[in-house]
Amino acid sequence: MKTIIEPFKIKSVEPLRFTSFREREAILINAGYNLFNIHADDVLIDLLTDSGTSAMSANQWGGMIEGDEAYAGSKSFYRLEQTVKDLTGFHHIIPTHQGRAAEKILFSIIGGEGKIVPNNTHFDTTRANVEISGAQAVDLPVPVSLKPDVKEDFKGNMNLKALNNLLGKKGPQRIPLVMLTVTNNSNAGQPVSMQNIRATSELCRNYGIPFFLDACRFAENAYFIKIREPGYEKTSIRDIAREMFSYADGCTMSGKKDGLVNMGGFLAVNDDELARNARNLLVVTEGFPTYGGLAGHDLEAFARGLDEVLEEDYLKYRVRSVSYLGEALDKSGVPIYQPPGGHAIYLDAKAFLPHIPGHEYPGQALACAIYLAGGIRTCEIGSVMFGKTDPHSGEFKAARLEMVRLAIPRRVYTQSHIDYVIECIGEVFQKREKITGMRIVYEPPVLRHFTARFNPI
Ligand code: P61
């Protein structure tokens, strides 16, 4: 059969609430045109993020009951530890409440003034944690990643030439670690090839610099390697994932993505001293080393999620259902970042709204227009998230890409929900000339997209 179906059936459902156009107009004004400020109840289809929004399986919910809530030495911790060790091969598994807590601990130890951390592309929390430590976060994506309309298999790759230059110039004294984000979320969820992971690792080894993965979406990345990289067609997803991790000295992980849980994360490292320092910080900020900010039931569900996410039927459905959305939008003429990523479709807001310049935030304008049209919540990944205005000169520095992300929660929406999204965005596209730019009327000093307020121009 050619039809790829959801490899699950639905046992428990949550009703959706419909709102009218007029209601949504008022909701947007109240929210300061920031979709993070909208009550989830006022959203029909929520594509804000794929993070922490997965539907857990009956097996995971069963695990929630079985979770061991012991303060020290919980058996659910040992279960998670063993699962992660089997998957990654790393020696020390340090649980955290989510990905950014692992980042905070890691960069508090190895970051600091004068240090430089390269990454194929930092996601915003990773960048914020590097910068808060005093270090500089440097993105080194491959040049083709900046071309939304060019279809290539591994646009998430690290730019090896640029990395080699940087490592050669600054060396291990200035560069405490190199990171590779799989898949590359800020670059449209594009995967990184095994060849690129291996080559990045080799470069790091040549310079004596540790190499870490930001592994939030490791399983989706492994699936892309299987279907796109010659030589891996017959390799199991678990073995591909193991090979990916084998090239690294550690990783940070947000379990809220490919862990298939609503909360959870970990820091995994091989280095004993780094692990000791990390656990010392963990007890101050997160919790005892065998729970680290998580309840026993979270640890249990996380361990089970990490096994389920490796099932090939699930990954096939997952990647195919995301590309189904991308292909249909593309067919209606809607400009999307090509090819579709693993967890999301990214609209190319610059091409969608060519009449809105970067400093008027085309991505934010588009995200609001989509909410207004159909109650669909998306996320700007462009100059609101990554652009900067110099407080002294007032000079505006745009993000490299202006995108609106339609992130697909795992195992949550059916094909007819997605068909509704396709119809709604198609309609917005027909009326695109009427959409106007946005002006920021309030912004906080860091991670401004969460709480900034806007007015349409
Ligand atoms: C997301 F609007 N991502 O994509 P935590 N690394 C990577 C991530 O994608 C990531 C984290 C680390 C989110 C949630 C999110 O401004 C935002 O468990 C590649 O969320 O701490 C998270 O993992 C951090 C959405 C985060 C945002 C920050 O939607």
### Message
Run the Debye formula on the Cα coordinates of region 1-125, all scatterers equal and no solvent, and tell me log10 I(q)/I(0) at q = 0.10, 0.17, 0.18, 0.21 1/Å.
### Response
-0.64, -1.18, -1.19, -1.26
### Protection-proxy order for peptides 372-383, 433-444, each taking the mean of Cβ atoms within 10 Å per residue, highest first
372-383, 433-444
## Note on the structure
By the mean-Cβ-within-10 Å protection proxy, highest first, 30-40, 396-406 rank as 396-406, 30-40
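Quick one: net charge around LEU87, please, counting Lys, Arg +1 and Asp, Glu -1 for every other residue with C-beta under 12 Å from its C-beta. Provide the component values of the computation, followed by the final result.
Working: positive: LYS85, ARG238, ARG242; negative: GLU81, ASP86, ASP239, GLU243, ASP258, ASP307.
Within the 12 Å Cβ shell, the charges total -3.
Arranged from highest to lowest average of other beta-carbon atoms within 10 Å per residue, in what order do the peptides 325-333, 143-151, 191-199, 173-181 appear? Numbers along the way, then the final one.
On the way: 325-333: 16.3, 143-151: 14.3, 191-199: 20.7, 173-181: 22.4.
Output ranking for 325-333, 143-151, 191-199, 173-181: 173-181, 191-199, 325-333, 143-151.
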#### Entry: Value of Rg to Rh for region 260-380 (Rh from inverse mean 1/r over Cα pairs, i.e. Kirkwood)
1.13
### Query
At a Förster radius of 30 Å, what calculated FRET efficiency corresponds to the Cβ-Cβ distance of ARG453 and ARG400, to the nearest 0.05?
0.75
### Task
Determine the per residue accessible area of region 35-127 with all protein chains present and a 1.4 angstrom probe, expressed in square angstrom.
38 Å²
#### Entry: Volume of the Cα convex hull of region 306-457, divided per residue and given in Å³
124 Å³
### Summary
Per principal axis, largest first, the Cα atoms of region 54-133 extend in Å by 47, 28, 24
#### Entry: Antiparallel bridges, percent of DSSP beta bridges restricted to the chain (to nearest 5)
65 percent
## Note on the structure
Quick calc: nm separation of the 7 Å Cα→Cβ label points for ARG276 and GLU25 -> 6.6 nm
### Message
So if I take the centroid of the Cα atoms in region 313-387 and the same for region 419-457, what is the distance between those two points in Å?
### Response
11 Å
### Summary
Extension length gain for ARG439 and TYR71 (0.36 nm per residue less Cα distance), in nm, is 127.6 nm
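Measure off, as a whole percent, the carbon and sulfur share of the 1.4 Å-probe accessible area of the chain, all protein chains present.
Values: 10050 of 19160 Å².
That fraction is 52 percent.
Could you quote the convex hull projected area for the chain, Cα atoms only and averaged over all directions, in nm²?
Details: hull surface 85.8 nm².
Mean shadow area of the hull around the Cα atoms is 21.4 nm².
Note down the relative contact order for the chain as a percent, whole number, built from C-alpha pairs under 8 angstrom at least six residues apart. Don't skip to the answer; put the middle values down first.
Working: 963 pairs, mean separation 104.5, N = 457.
Relative contact order comes out at 23 percent.
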### Query
If the cut-off is a Cα-Cα distance under 17 Å, which lysines reach LYS170, setting aside same-chain residues fewer than 8 apart in sequence?
LYS115, LYS161
## Note on the structure
For region 324-457, dividing by residue count, accessible area per residue (probe 1.4 Å) in Å² works out to 41 Å²
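What percent do you get for the relative contact order of region 8-151 when only Cα pairs under 8 Å and 6+ apart count? Write down the numbers at each step before the final one.
On the way: 94 pairs, mean separation 17.9, N = 144.
Worked out over region 8-151, it gives 12 percent.
Averaged per residue, what accessible area in Å² does region 218-276 show with a 1.4 Å probe, protein chains only?
Details: 1960 Å² over 59 residues.
Accessible surface, normalised per residue, equals 33 Å².
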### Query
Debye sum, Cα scatterers, region 210-262, no solvent: what log₁₀ I/I(0) at q = 0.19, 0.20, 0.21, 0.31 1/Å?
-0.65, -0.71, -0.77, -1.17
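The values are calculated or read from the model by the stated rules, or taken from the named source; none is laboratory data. It should be emphasised that the depicted structure is a prediction, and the values quoted were computed from it without experimental measurement. As a convention, Cβ positions derive from the backbone with ideal geometry for all residues, glycine included, and neighbour counts pool all protein chains shown. These accessible areas exclude ligands, DNA and RNA; they are computed on the full protein's heavy atoms, side chains included. Shrake-Rupley method; radii C 1.70, N 1.55, O 1.52, S 1.80 Å.
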